[in-house]
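Novice: Structure incoming, see below.
The values are calculated or read from the model by the stated rules, or taken from the named source; none is laboratory data. Owing to the predicted nature of the structure, the values given are computational and were not obtained by experimental measurement. Ideal geometry is used to build each Cβ from the backbone, glycine not excepted, and the neighbour counts take in all protein chains shown. For the accessible areas, the whole protein counts, side chains as well, though only heavy atoms, and no ligand, DNA or RNA atoms are used. Shrake-Rupley method; radii C 1.70, N 1.55, O 1.52, S 1.80 Å.
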Amino acid sequence: MDHDYTRINARTWDAWAQNGCCWTVPVSHQTYVQAQEGRWDVLLTPCKAVPHDWFRPFLTASRLDGVRLLGLASGGGQQMPVFAALGADVTILDYSDRQLESERQIAAQEGYAIEIVQADMTRPLPFPDEHFDLIFHPVSNCYVEQVDPIWRECHRVLKPGGVLLSGLDNGFNFIVEDPTVRPMVIANQLPFNPLKMPEGRLEQMVASDDGVQFSHTLEEQIGGQLRAGLVLTDVYEDTDNEPDAIADNIPAYWATRAVKPVIRDGWTCFRRYDDA
């Protein structure tokens, strides 16, 4: 079988999009119009909407006019149409043909411009230094073995004072084989990496149409952003969107807001950088 896990995952997302997975269905025309009217929400994790306050200092009167925004591994027409409706200058990077086709279709339908880049975020991002004001990165690095290079690239392409909003899997989903079964059974050790597990585990994931997924530690997810030079400003937890998960209120995800500090007169500004 093909052991290039990123190619496997691109094909997996294509199949999910073809089958109507909830994370591949574009927003409706009504949602786009409501965003134009200032009524909008977006998701980094399955259930909780991102606080509008997280978009400061770029959000003015519920608008993001002129903000250069990158949707990092967030194809599918679920967030970029909302940001375009708010006036942002949007770019989408994804490796799934079908997810990017959804972006093309909804942009044509609603009549906005979008830069569409098919690329793999495990490689250097194809953008110049200090190019974006804001990066929106929903839960997706669970499909990547090493996340530190991603945080370094996010820091590189953000402008000083730019904001990175990330959705992160905290590893809970990898401990149990099926979180909807009671009692839950611990099935795996963490960190979960099928490329380093006994022969057959990778093939099992692919055969189950799960793609190739990885868990990441706090040190990788949060520490990696800090090591890249970003400053963490806020966090929240979220559950899966299945009824049992919501009822049990077991957090399976984190969302983080981080800022690239502004350098002024040789000093790194860690306070009031949101006003920069």
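Novice: Of all residues in the stretch 234-253, count the ones that are within 18 Å of residue 176 (Cβ to Cβ) and assigned to a strand (DSSP E or B).
Specialist: Result for the stretch 234-253: 3.
Novice: Just wondering, is there one or more residues in the stretch 27-40 that are of a type in the set (A, V, I, L, M, F, W, C), open to solvent by less than 10 Å² (accessible area, probe 1.4 Å) and either part of a loop (DSSP other than H, G, I, E, B) or closer than 20 Å to residue 230 by Cβ (or both)?
Specialist: Of all residues in the stretch 27-40, those of a type in the set (A, V, I, L, M, F, W, C) come to 27, 33, 35, 40.
Filter again for open to solvent by less than 10 Å² (accessible area, probe 1.4 Å), leaving 35.
Checking the rest, the ones that are also either part of a loop (DSSP other than H, G, I, E, B) or closer than 20 Å to residue 230 by Cβ (or both) come to none.
Scanning the stretch 27-40 turns up no residue that is of a type in the set (A, V, I, L, M, F, W, C), open to solvent by less than 10 Å² (accessible area, probe 1.4 Å) and either part of a loop (DSSP other than H, G, I, E, B) or closer than 20 Å to residue 230 by Cβ (or both).
Novice: Any residue in the stretch 215-233 that is assigned to a loop (DSSP other than H, G, I, E, B), open to solvent by 50 Å² or more (accessible area, probe 1.4 Å) and farther than 30 Å from residue 130 by Cβ?
Specialist: For the stretch 215-233, residues assigned to a loop (DSSP other than H, G, I, E, B), open to solvent by 50 Å² or more (accessible area, probe 1.4 Å) and farther than 30 Å from residue 130 by Cβ: absent.
Novice: Turning to a different aspect of this structure: Could you count how many residues in the stretch 168-210 are β-branched (Val, Ile, Thr) and assigned to a helix (DSSP H, G or I)? So that I can check it myself, show each step before the final result.
Specialist: We begin by selecting, within the stretch 168-210, every residue β-branched (Val, Ile, Thr); these are 175-176, 180-181, 185-186, 206.
Imposing the further condition that a residue be assigned to a helix (DSSP H, G or I) reduces the set to 175, 206.
Qualifying residue count, the stretch 168-210: 2.
Novice: When you go through (1) open to solvent by less than 40 Å² (accessible area, probe 1.4 Å); (2) among the acidic types (Asp, Glu); (3) in a loop (DSSP other than H, G, I, E, B) one by one for residue 133, which number turns out not to apply?
Specialist: Residue 133 satisfies all of (1) open to solvent by less than 40 Å² (accessible area, probe 1.4 Å); (2) among the acidic types (Asp, Glu); (3) in a loop (DSSP other than H, G, I, E, B) except (3).
Novice: Conditions: (1) open to solvent by 50 Å² or more (accessible area, probe 1.4 Å); (2) under 15 Å from the mean Cα position of the chain (by Cα). Residue 44 meets all but one. Number of the miss?
Specialist: (1)
Novice: Just checking, does the stretch 1-10 include any residue being open to solvent by 20 Å² or more (accessible area, probe 1.4 Å), at pLDDT 95 or above and among the aliphatic types (A, V, I, L, M)?
Specialist: The answer is no; no qualifying residue exists.
Novice: A further question follows. For the stretch 188-214, which residues satisfy the criterion of being under 22 Å from residue 238 (Cα atoms) and open to solvent by less than 50 Å² (accessible area, probe 1.4 Å)?
Specialist: 188, 192, 213, 214
Novice: Right, something else. Could you say which residue among 149, 81 is part of a helix (DSSP H, G or I) and closer than 26 Å to residue 20 by Cβ?
Specialist: 81
Novice: Exactly one condition in (1) touching a Ser or Thr at 6+ places or on another chain (Cβ under 7 Å); (2) more than 29 Å from residue 226 (Cβ to Cβ); (3) open to solvent by 20 Å² or more (accessible area, probe 1.4 Å); (4) not basic (Lys, Arg) is not met by residue 117; state its number.
Specialist: Unmet for residue 117, out of (1) touching a Ser or Thr at 6+ places or on another chain (Cβ under 7 Å); (2) more than 29 Å from residue 226 (Cβ to Cβ); (3) open to solvent by 20 Å² or more (accessible area, probe 1.4 Å); (4) not basic (Lys, Arg): (2).
Conditions (1) within 26 Å of residue 10 (Cβ to Cβ); (2) hydrophobic (A, V, I, L, M, F, W, C); (3) open to solvent by less than 10 Å² (accessible area, probe 1.4 Å), marked per residue:
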residue: 55; (1), (2), (3): no, yes, yes
residue: 70; (1), (2), (3): yes, yes, yes
residue: 74; (1), (2), (3): yes, no, yes
residue: 77; (1), (2), (3): yes, no, yes
residue: 91; (1), (2), (3): yes, no, yes
residue: 95; (1), (2), (3): yes, no, no
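Novice: Would it be correct to say that residue 155 is open to solvent by 20 Å² or more (accessible area, probe 1.4 Å) and of a type outside the set (S, T, N, Q)? Step through it out loud before you land on a result.
Specialist: Numbers: open to solvent by 20 Å² or more (accessible area, probe 1.4 Å): yes; of a type outside the set (S, T, N, Q): yes.
Criteria met by residue 155.
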